[in-house]
Amino acid sequence: QVQLVESGGGLVQPGGSLRLSCVASGSIFRLYKMGWYRQAPGKQRELVAEAISGGRTNYGDSAKGRFTISRDNAKNTVYLQLNSLEPDDTAVYYCNVVQGVTNYWGKGTLVTVSS
């Protein structure tokens with residue numbers, strides 16, 4: 001089993017920035033993907049960004065040009081830098097990792113963008 005703990009969410013004004021972190025622990029041997037999804041009220045969960053073993057990254061349309069994902073394999077940690085935040089970015093952000101054929105999810109961290 002892999003456990004995920006997210007941090008870094010909070011209340012931020014439009015145009016502001018936040019940095020989310022997710023630390024993986026437990027039975028780790030190779031984390032193929034480490035990434036972030038988000039779910040806003042009344043909407044489906046959507047991909048924000050993912051970092052794949054070997055260096056490739058994928059971004060959802062909402063993230064392109066504003067958010068940056070990075071991972072520190074030595075620390076089993078993935079980060080999401082959120083810049084130029086807008087009210088529509090308000091959501092619960094979930095950490096997701098893939099090891100083997102298993103998806104693991106964190107409990108989520110709330111990001112609220114409001115003036």
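What the table below lists for this structure:
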{"item": "Members of the stretch 60-83 found to be touching a helix residue (DSSP H, G or I) at 6+ places or on another chain (Cβ under 8 Å) and either crowded, with 19+ Cβ neighbours inside 10 Å or among the charged types (D, E, K, R) (or both), listed by number", "result": "L82"}
{"item": "Residue list for the stretch 79-90, restricted to those being over 14 Å from the mean Cα position of the chain (by Cα) and more than 12 Å from V111 (Cα to Cα)", "result": "S84"}
{"item": "Candidate set: the stretch 84-106, residues that are within 15 Å of R38 (Cβ to Cβ) and in contact with a Phe, Trp or Tyr (Cβ under 8 Å, 6 or more places away or on another chain); chosen: the one surrounded by the fewest Cβ atoms within 10 Å (Cβ to Cβ)", "result": "W105"}
{"item": "Residue selected from the stretch 28-41 under the condition at pLDDT below 95 and either of a type in the set (G, A, S) or more than 17 Å from T90 (Cβ to Cβ) (or both), by the criterion most open to solvent (accessible area, probe 1.4 Å)", "result": "F29"}
{"item": "Single match in S21, S25, S17 (criterion: of a type outside the set (A, V, I, L, M), within 19 Å of A74 (Cβ to Cβ) and exposed (fewer than 15 other Cβ atoms within 10 Å of the Cβ))", "result": "S25"}
{"item": "2 or more residues in contact (Cβ under 8 Å) with a residue 60 or more places away in the chain and under 20 Å from V111 (Cα atoms): qualifying strands (runs of 3 or more DSSP E) within the stretch 1-78", "result": "2-7, 10-12, 18-26, 33-39"}
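The values are calculated or read from the model by the stated rules, or taken from the named source; none is laboratory data. Bear in mind that the values here come from a model prediction, so they are computed numbers and not experimental data. Ideal geometry is used to build each Cβ from the backbone, glycine not excepted, and the neighbour counts take in all protein chains shown. When the accessible area is computed, the model is the full protein with side chains, heavy atoms only, and any ligands, DNA or RNA have been set aside. Shrake-Rupley method; radii C 1.70, N 1.55, O 1.52, S 1.80 Å.
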